[in-house]
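K.L.:
The structure is given below, and queries will be raised subsequently.
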Amino acid sequence: MTHVSLYQIHSMPTAIMASKSSDYKLETAPFDPRFPNTNQTKYCYQSFLDFHRCTKYCYQSFLDFHRCTKIKGESYEPCHYFKRVFSSMCPNSWVEKWNDQLEDGTFAGNI
Amino acid sequence: MDWMKISLYDNASPIMEQLILFHDYSMLIISTILSVVSFFMIKMMSNKFISSKILENQMIELIWTLIPTIILSFIALPSLHLLYLMDELNNPLLTVKIIGHQWYWSYEYNDFNSIEFDSYMSSSSTFRLLEVDNSTPIPSNCQTRLITTSSDVLHSWTIPPMGIKMDATPGRLNQISLFSNRTGKFFGQCSEICGANHSFMPIVVDVIPITYFISWIKTFN
């Protein structure tokens, strides 16, 4: 419906301006067309998996191509996009639980 | 007794504005039907013409099927439109995670630094059973994504003036968008029976200008 987008048109610039003036950018996980419904459980879980897969992949590619250098896979910047998404979407208690499971090697997901 | 007590709250979001308009519009249709039908009923009972010989009339059957169909579609289409509009989320700037507990709400803001707090009912006499110790700040005129979940049983997070009611289900994240175009303090109460203290876990949302919201975030640095 047009009225919501109209509200957006005249309100979004204020939001952006306000955040610019104070050097603080309001930014959150964007709408993901894979999860268009009310139920967002998978979005949170998926971004958690994506983040860990990505770090694994990054780490692996680092081993393959830069075996001699001592760059860590975790410092690969694009991976941290997924980390931002899952921190925005997942309750902290879930992330804590999964991290504990990862440490213990009992995490059920396929990373 | 004022109208505020029997009508809906003043809207605080474009969605609620549309919901109120839709409510008034469908009430208009309903009262028109009620008046027309009662007029004909009284009219038919009070006159002396009796159509006792009519066994079949295809035309009248067709008319009294088509007219209600058309009227119903005039209610159904805007209703569906609103239903889908309420699910829509346009480029959110902020995500607020709302977690229901027995019997309090806790909130998490993780877009910047990790902000986490619990919100218990406070014993204030100003608004009995509605005030909380930590209210939830939300920037005004800003697309906000609300994620509700629960750590134990079903709860439901509600702010009536914004047209928001979303179940908090354990193990599931439910999303709803919030866009408030009015600043102020808005109240709600848990709307899913969740145990003994179900009535004592109110919700307070402070809609504040975005600059104030950013300064609030900065206090956590």
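K.L.:
More than 25 angstrom separation, counting every C-alpha pair in chain B; what % is that?
P.N.:
Details: 12848 of 24310 pairs.
More than 25 Å apart: 53 percent of the Cα pairs in chain B.
K.L.:
Please report, in whole Å, how far the alpha carbons of region B:1-78 spread along each principal axis, starting with the longest.
P.N.:
Projected onto its principal axes, the Cα set of region B:1-78 covers 58, 32, 9 Å.
K.L.:
Still on this structure, please answer the following. Evaluate E = 1/(1 + (r/R0)^6) for B:Val36 and B:Lys165, where r is the Cβ-Cβ distance and R0 equals 41 Å; express this FRET efficiency to the nearest 0.05.
P.N.:
Numbers: r = 34 Å, r/R0 = 0.83.
Given R0 = 41 Å and the Cβ-Cβ separation, E is 0.75.
K.L.:
Once you keep just the Cα pairs under 8 angstrom separated by 6 or more residues, what percentage relative contact order results for chain B?
P.N.:
Computed over chain B, the figure is 21 percent.
K.L.:
Of all the Cα-Cα pairs you can form in region B:104-183, what percent are over 16 Å apart? Don't skip to the end; give the middle numbers.
P.N.:
Details: 1890 of 3160 pairs.
Tail of P(r) above 16 Å: 60 percent of Cα pairs.
K.L.:
Select from chain B the helices, each a whole stretch of DSSP H, whose alpha-carbon atoms run 24 Å or more along the helix axis and whose Kyte-Doolittle mean is at least -0.5; answer none if there are none. Don't jump to the answer; show the numbers that get you there.
P.N.:
Values: long enough: B:14-46 (48 Å, 1.31); B:58-87 (43 Å, 1.46).
Result, helices passing both filters: B:14-46, B:58-87.
K.L.:
Within 10 Å, at most 13 other Cβ atoms, and a DSSP state outside H, G, I, E, B define an exposed site. Report the longest part of chain B free of exposed chymotrypsin sites (Phe, Trp or Tyr not before Pro).
P.N.:
Working: sites that count: B:Phe49, B:Phe127, B:Phe220.
Longest site-free region, per DSSP loop and neighbour criteria: B:128-219.
K.L.:
Here is the link list: A:Lys97/B:Lys185; A:Lys83/B:Lys218; B:Lys5/B:Lys165. Which ones come out longer than 32 Å on Cα distance?
P.N.:
Working: A:Lys97/B:Lys185 35 Å; A:Lys83/B:Lys218 22 Å; B:Lys5/B:Lys165 20 Å.
From the list (A:Lys97/B:Lys185; A:Lys83/B:Lys218; B:Lys5/B:Lys165), the Cα-Cα distance tops 32 Å for A:Lys97/B:Lys185.
K.L.:
Considering only region B:68-221, what is the antiparallel percent among its DSSP beta bridges, to the nearest 5?
P.N.:
On the way: 27 of 39 bridges.
Looking only at bridges with both residues in region B:68-221, the antiparallel portion is about 70 percent.
K.L.:
Now for a different question. Taking a 1.4 Å probe, which of A:Lys83, A:Lys42 shows the most accessible area, and what order do the others take after it?
P.N.:
On the way: A:Lys83 85, A:Lys42 125 Å².
My answer, sorted largest first, is A:Lys42, A:Lys83.
K.L.:
If you roll a 1.4 Å probe over chain B with all protein chains in place, what percent of the accessible area is carbon or sulfur?
P.N.:
Numbers: 8030 of 12610 Å².
For chain B, the apolar C and S fraction of the accessible surface comes to 64 percent.
K.L.:
If you take every DSSP beta bridge fully contained in region B:141-221, what fraction is antiparallel? Give it as a percent rounded to 5.
P.N.:
The answer is about 95 percent antiparallel.
K.L.:
Hand me the trypsin sites (Lys or Arg not before Pro) from region B:27-129 located in a DSSP loop with no more than 16 other Cβ atoms within 10 Å, in residue order please.
P.N.:
Working: sites: B:Lys43, B:Lys48, B:Lys53, B:Lys97, B:Arg128; in loops: B:Lys48, B:Lys53, B:Arg128.
Filter output for region B:27-129: B:Lys48, B:Lys53, B:Arg128.
K.L.:
Can you tell me the FRET efficiency between B:Tyr120 and A:Asn92 if r is taken as the Cβ-Cβ distance and R0 is 25 Å, rounded to the nearest 0.05?
P.N.:
0.85
The values are calculated or read from the model by the stated rules, or taken from the named source; none is laboratory data. A quick note: this is a predicted structure, and the numbers were derived from the prediction, not measured. We place every Cβ from the backbone using ideal geometry, glycine too, and count neighbours over all the protein chains shown. All accessible areas refer to the heavy atoms of the entire protein, side chains included, with ligands and DNA or RNA removed. Shrake-Rupley method; radii C 1.70, N 1.55, O 1.52, S 1.80 Å.
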